[in-house]
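The values are calculated or read from the model by the stated rules, or taken from the named source; none is laboratory data. Everything numeric in this text was worked out from a predicted model, so none of it was measured. Backbone-built Cβ (ideal geometry, glycine too); neighbour counts: all protein chains shown.
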Amino acid sequence: MDWQLVADSFWPLLRGGLTGTIPLTLISFAIGLVLAVVVALLRLASNPVVSWIGRAYVSVIRGTPLLVQLFVIFYGLPSLGIVVDPWPSAIIAFSLNVGGYAAEVIRAAILSIPKGQWEAGYVVGMSHARTLRRIVLPQAARVSVPPLSNTFISLVKDTSLASLILVTEMFRKAQEIASFTSEFMTLYLEAAAIYWVFCTVLSFGQDRIEKKLEQYV
């Protein structure tokens with residue numbers, strides 16, 4: 001392994017991670033989480049049509065590969081006259097994907113809250129919406145932290161797919177340097193190591209958050 005190349009390429013790769021991978025992950029996850037809450041509530045709606053809309057969305061997202069979703073948005077939409085730049089395309093695809101998977105996590109978390117919590121809200125005069133907002137969702141949020149954290153960590157790695165639509169993030173920088181130096185194994189292993197560090201740090205943060213929340217159980 002060319003250690004001098006590893007040293008010379010470390011900062012460009014890290015910068016690609018800090019300015020590309022991490023922002024792409026944070027923005028996509030934030031949007032996807034909001035979308036997931038909406039879809040989860042649609043799935044739980046008493047109206048069968050509304051519930052079917054949420055179920056159909058989850059089915060499509062979970063039943064198709066993320067790479068295909070990304071290509072449909074970036075390469076497919078232009079055939080319909082809709083051109084989306086690489087960065088927005090990646091954010092849209094990742095957000096929709098997170099929304100589909102996280103929606104089931106949030107739905108399961110809401111269903112795990114005992115019915116007595118709903119009844120307690122009704123007893124003190126709260127409406128269904130206010131009971132959901134003030135009592136049920138805060139408890140569901142605590143329950144859903146571990147699986148949502150895993151979704152977030154997976155998204156960090158999934159952002160590498162954005163390199164296929166020319167988004168400049170960490171893996172894209174590794175490809176560019178590798179194509180210039182022909183040291184593909186070295187650069188890809190270095191990128192993998194940096195991804196591993198990112199995910200390890202996030203996993204540590206996840207453990208701290210879970211332990212913090214345990215005191216409220």
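Data overview
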{"item": "Output for the stretch 77-91, where each listed residue is surrounded by fewer than 19 Cβ atoms within 10 Å (Cβ to Cβ) and either free of Cβ contacts under 8 Å to residues at least 24 places away in the same chain or of a type in the set (Val, Ile, Thr) (or both)", "result": "LEU77, PRO78, SER79, LEU80, GLY81, ILE82, VAL83, VAL84, ASP85, PRO88"}
{"item": "Answer from SER203, SER182, SER160 - the residue that is farther than 21 Å from VAL6 by Cβ, out of contact with any Ser or Thr (no Cβ under 7 Å at 6 or more places or on another chain) and either at pLDDT 90 or above or of a type in the set (S, T, N, Q) (or both)", "result": "SER203"}
{"item": "Within the stretch 106-134, considering residues that are part of a loop (DSSP other than H, G, I, E, B) and β-branched (Val, Ile, Thr), the one nearest to the chain's Cα centre (by Cα)", "result": "ILE113"}
{"item": "Test: residue in the stretch 108-115 that is crowded, with 18+ Cβ neighbours inside 10 Å and either aromatic (Phe, Trp, Tyr) or modelled with pLDDT of 90 or more (or both)", "result": "no"}
{"item": "Among residues of the stretch 39-64, those that are touching a residue at least 60 places away in the same chain (Cβ under 8 Å) and either farther than 29 Å from PRO23 by Cβ or among the hydroxyl-bearing types (Ser, Thr, Tyr) (or both), counted", "result": "2"}
{"item": "Cβ pairs under 9 Å, 6+ apart, first in the stretch 65-76 and in a helix (DSSP H, G or I), second surrounded by 13 or more Cβ atoms within 10 Å (Cβ to Cβ) and of a type in the set (D, E, K, R)", "result": "LEU66/ASP158"}
{"item": "Checking PHE171 against (1) modelled with pLDDT of 90 or more; (2) farther than 30 Å from ASP85 by Cα, the condition it does not meet", "result": "(2)"}
{"item": "Flag if VAL6 is modelled with pLDDT under 90 and either part of a helix (DSSP H, G or I) or under 19 Å from the mean Cα position of the chain (by Cα) (or both)", "result": "yes"}
{"item": "Residues satisfying the stated conditions in the stretch 30-54, i.e. of a type in the set (Gly, Ala, Ser) and under 15 Å from the mean Cα position of the chain (by Cα)", "result": "ALA30, GLY32, ALA36"}
{"item": "Residue among SER9, SER89 that is closer than 17 Å to LEU155 by Cβ and touching a Leu at 6+ places or on another chain (Cβ under 9 Å)", "result": "SER89"}
{"item": "Tally of residues being of a type in the set (Phe, Trp, Tyr) and either over 15 Å from ILE165 (Cβ atoms) or under 14 Å from the mean Cα position of the chain (by Cα) (or both) across the stretch 70-105", "result": "2"}
{"item": "From the options LEU164, LEU189, LEU202, LEU155, residue that is surrounded by 19 or more Cβ atoms within 10 Å (Cβ to Cβ) and part of a helix (DSSP H, G or I)", "result": "LEU155"}
{"item": "Of all residues in the stretch 167-186 being of a type outside the set (A, V, I, L, M, F, W, C) and either part of a helix (DSSP H, G or I) or closer than 14 Å to LEU26 by Cα (or both), the one that is farthest from the chain's Cα centre (by Cα)", "result": "THR181"}
